[in-house]
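One structure below.
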Amino acid sequence: MSFFDGLKISSSALFAQRQRMNVISSNLANAHTTRAEDGTYYKRKDLVFKPQTIHDDVRGKIFPASFEEAWKKKIEGVRVEAIIEDDEPPILKYDPSHPDADEEGYVAYPNINVVEEMTDMITASRSYEANITMIETIKKMANEALGLGRV
């Protein structure tokens, strides 16, 4: 595996986690939004991640044949396949004076758990930090390898 492959893998994770943090921020900002653009309540959004494999043309260049079993798993990054809306029903609160109340006086609020969203934000932030650390480690290894040639 080259240094560049490691950088590609970590950078794909950085991009995916940054998108995840943006979606979580949107969920938190709209936790009490009763009317979205389509006229209904805001629906919580979530990401669908998909593995991203490195092309088979590098096969055999990275591992010798004795590592065939290890290669079967392939080297993967990650990408965001879709941003989906949560299908959980809204939280109904009785408030007949609210402008978005239905005929029975109930207002539909998004089913967003702020604690869960904050936990997801911390997880995404830690994953982001781990991938930055990985990139820094790869850069240090590359510099050390270049330093070997100077002796």
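The values are calculated or read from the model by the stated rules, or taken from the named source; none is laboratory data. Computed from a prediction, not measured in an experiment: that's the story for all the values here. Heads up, the Cβs are rebuilt from the backbone with ideal geometry, glycines too, and the neighbour counts pull from every protein chain shown.
Some observations on this one:
- Pairs, first at pLDDT below 90 in segment 66-90, second in a loop (DSSP other than H, G, I, E, B), C-beta under 7 Å, six or more apart: Ala70/Phe63; Trp71/Arg59; Trp71/Phe63; Lys74/Ile54; Ile75/Met1; Ile75/Ile54
- Checked against (1) within 19 Å of the chain's Cα centre (by Cα); (2) crowded, with 18+ Cβ neighbours inside 10 Å; (3) of a type outside the set (A, V, I, L, M, F, W, C), Asp46 passes all but condition (2).
- Reported count of residues in segment 106-151, each being exposed (fewer than 12 other Cβ atoms within 10 Å of the Cβ), more than 15 Å from the chain's Cα centre (by Cα) and at pLDDT 90 or above, is 5.
- Cβ pairs under 8 Å, 6+ apart, first in segment 109-124 and closer than 21 Å to Thr40 by Cβ, second crowded, with 16+ Cβ neighbours inside 10 Å and among the charged types (D, E, K, R): Pro110/Lys43; Pro110/Arg44; Asn111/Arg44; Ile112/Arg44
- Residue check, Arg126 over 23 Å from Gln17 (Cβ atoms) and not β-branched (Val, Ile, Thr): no
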